[in-house]
1. Please go through the residue pairs Lys48/Lys93; Lys265/Lys298; Lys132/Lys265; Lys242/Lys303 and name each one whose alpha carbons sit more than 32 Å apart in this structure.
2. Under Stokes-Einstein, with the Kirkwood radius over Cα pairs standing in for Rh, what whole-number D in µm²/s applies to the chain at 20 °C and 1.002 mPa s?
3. Setting aside same-chain residues fewer than 8 positions from Lys284, which aspartates and glutamates have a Cα under 13 Å from its Cα?
4. For the chain, what does the helix formula give at 222 nm: sum of -39500 (n - 2.57) over DSSP H segments with n ≥ 4, over the residue count, nearest 500 deg cm²/dmol?
5. Please give the length that would be gained between Glu77 and Leu328 if that part of the chain were fully extended, namely 0.36 nm times their separation in residues minus their C-alpha to C-alpha distance (nm, one decimal).
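Nothing in this text is a laboratory measurement; each read-out follows from the coordinates by a stated rule. Note that the structure is a prediction, hence the values are computed from the model and not measured.
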Amino acid sequence: MQRFTHYALLFIALAITNGSYAQSTIVIKFSHVASISSPRGMAAARFKELAELMTKGRVRVDIYANGQLYKDNEELEALQLNAVQMLVPPLSKFSALGIREFEVFDLPYLFPNYDGLHRVTQGPIGRDLLNKLDSKGMVGLGYWDGGFKNISANRPIHTPNDMRGLRIRIPPSKVLDSQMRALGATPWALTYPAVVESLRNNFIDGSENPPTNFISRPAGGSQKFLTLTNHGYLGYAVVVNKDFWDELPSDIRVQLSNAMFETTKYANNISQQQNEQDLATIKKSGKTVVYDLTDNEKDQWRKALIPIQQQMENRLGKELINAINRQLGNPSDFNLMVH
């Protein structure tokens with residue numbers, strides 16, 4: 001009888017514990033430095049909606065936008081300390097953690113269009129790169145597009161020679177540093193908050209951004225010329241603290257992964273749409289001269305920049321670069337790629 005009572009009490013205690021756990025709310029602090037109206041901001045809000053819906057309220061996602069909790073140079077450390085559970089930083093940020101391979105996304109003229117890009121980010125190559133984040137205490141859940149970059153400056157830019165002598169803002173990246181030096185420009189590694197002031201005070205002469213980033217960070221009239229080079233890609237990765245993720249119930253992880261899969265489709269669609277709309281707005285405003293390259297000028301830009309891929313083989317891994325080019329159907333001969 002005593003043994004029966006012992007097991008009965010144990011069963012009741014477990015039932016109460018499991019029941020209370022099932023009823024408890026898991027809170028995810030999702031921090032980012034973008035505005036709530038930006039593609040990243042809207043995508044974060046969509047993830048909150050889907051995550052809470054798919055988990056039937058067992059998960060609550062609290063979003064902190066505009067660097068409300070942590071600034072651009074603080075957020076990765078905060079994630080590793082589990083002060084926040086989710087971020088969506090630029091891909092180039094991961095190089096500072098010792099994962100240089102993510103700089104492959106900075107290579108000029110590697111991705112011809114969104115379809116080719118998504119074959120990489122949504123395929124085995126993209127997944128293998130995200131898996132490298134595990135050793136840094138985070139799990140990569142997906143890639144969100146920022147768009148294809150163009151050159152803006154305080155003077156007209158038509159050919160690579162027009163870049164000579166200009167001081168161009170870049171995020172910290174050896175690839176982007178080499179890219180600007182190949183064009184005869186001086187790269188200045190700055191965080192986004194410092195860009196506007198640096199342009200106003202003529203510390204720098206220009207930058208590279210997708211249209212959405214160009215229009216959302218007004219340069220005080222300093223950048224009156226925008227050249228549609230579409231020479232490189234800006235992307236982000238959604239990452240979550242690894243310890244937090246591993247301790248979640250398996251069904252919650254599946255539901256959050258499904259929510260992220262759907263959110264990523266939304267994020268990439270809205271990013272592309274917003275860049276198209278913002279480019280039209282820039283053209284219509286008349287405040288910035290927008291220049292479309294001729295076919296001959298496009299060839300000059302490609303000839304100047306594609307060799308960066310070969311120069312970065314030791315840093316990023318020749319096999320990784322070759323694997324991406326094979327996935328995209330790019331020529332394997334660099335001499336063919338520049339023509």
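1. Details: Lys48/Lys93 24 Å; Lys265/Lys298 30 Å; Lys132/Lys265 23 Å; Lys242/Lys303 42 Å.
Pairs exceeding 32 Å: Lys242/Lys303.
2. Details: Rh = 21.6 Å.
For these conditions, the coefficient is 99 µm²/s.
3. Glu276
4. Details: 15 runs with 160 residues, N = 339.
Rounded to the nearest 500, the figure is -14000 deg cm²/dmol.
5. Numbers: separation 251, 0.36 × 251 = 90.36 nm, distance 3.43 nm.
Between Glu77 and Leu328, full extension yields 86.9 nm more.
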